[in-house]
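K.L.:
Below is the structure I would like to discuss, written out as structure tokens.
The values are calculated or read from the model by the stated rules, or taken from the named source; none is laboratory data. No experiment lies behind these values; they were computed from the predicted model shown. Here the Cβ is made from the backbone with ideal geometry for all residues, glycine too, and neighbour counts use every protein chain on show. Note: accessible area is taken over every heavy atom of the protein model, side chains too, but ligands, DNA and RNA are not part of it. Shrake-Rupley method; radii C 1.70, N 1.55, O 1.52, S 1.80 Å.
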Amino acid sequence: MTRRLLAIVLLIGGAVFTGAQGASGSDVPEKIKAPAGEELVLRVHASGSQIYVCQAGADGKLSWTLKAPEAELRDEKGAVFGRHFAGPTWKHNDGSEIKGKAVARADAPDADSIPWLLLTVTDRSGNGALSRVTSIQRVHTKGGQPPPAGDCTVQKQNAEVKSSYEADYYFYAPAK
């Protein structure tokens, strides 16, 4: 009986510890972990597209350039939380909205997926679920890469292409 009780305590303790690690757990590279002093306040799943445009860069060469994301956000229960769009911007259904800027990136484990990111909030509006958020992680990405570079030709200049993607976004705020 004592061994069984010990096994249950260890199992529960391990589950609590794993849950407490949250998004900054062992699967998140060190360089995109949330800043010290911040706590996870919200997790959402994005499903949508990364929109690319075939255009000339500063060097005059044509390439696919990210125009904007376009995704629906769902909370952990599957309910629609809001949307993610150009800026990059995250808007909650309660009207609160934040814009971010990438400050660190890590290649996704899947080479066919867009990178994982750490973003810092640069602008905010509204009062609600996103009001306190200061950092955002984009992790567990699937898809979203631009078409092959060779597909961006003079004939396709200014053409837009949507690349399906999914990701988890973890929102952090200063610890209370």
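K.L.:
Can Ser163 be described as hydroxyl-bearing (Ser, Thr, Tyr) and either closer than 21 Å to Gly78 by Cβ or in a loop (DSSP other than H, G, I, E, B) (or both)?
P.N.:
Judged against the criteria, Ser163 is not a match.
K.L.:
Please go through the stretch 49-79 and give me each residue that is under 12 Å from the mean Cα position of the chain (by Cα) and of a type in the set (Gly, Ala, Ser), ordered by number.
P.N.:
Ala71
K.L.:
So which pairs qualify, if the first residue must be in the stretch 107-119 and open to solvent by less than 20 Å² (accessible area, probe 1.4 Å), the second must be of a type in the set (Ser, Thr, Tyr), the Cβ gap must be under 6 Å, and the two must be at least 6 apart or on different chains?
P.N.:
Ala108/Thr141; Ser113/Thr141; Ile114/Thr141
K.L.:
When the stretch 123-160 is examined, which residues are found to be assigned to a strand (DSSP E or B) and open to solvent by less than 50 Å² (accessible area, probe 1.4 Å)?
P.N.:
Those that are assigned to a strand (DSSP E or B) and open to solvent by less than 50 Å² (accessible area, probe 1.4 Å): Ser135, Ile136, Gln137, Arg138, Val139, Thr141, Gly143, Gly144.
K.L.:
Still on this structure, please answer the following. Sort through Asp27, Asp59 and tell me the only one that's at pLDDT below 95, over 20 Å from Asp168 (Cα atoms), out of contact with any Asp or Glu (no Cβ under 7 Å at 6 or more places or on another chain) and part of a loop (DSSP other than H, G, I, E, B).
P.N.:
Asp59
K.L.:
Another question, then. Among the candidates Gly57, Gly82, Gly95, single out the residue that is within 25 Å of Gln157 (Cβ to Cβ), open to solvent by less than 50 Å² (accessible area, probe 1.4 Å) and not polar (S, T, N, Q).
P.N.:
Among Gly57, Gly82, Gly95, only Gly57 is within 25 Å of Gln157 (Cβ to Cβ), open to solvent by less than 50 Å² (accessible area, probe 1.4 Å) and not polar (S, T, N, Q).
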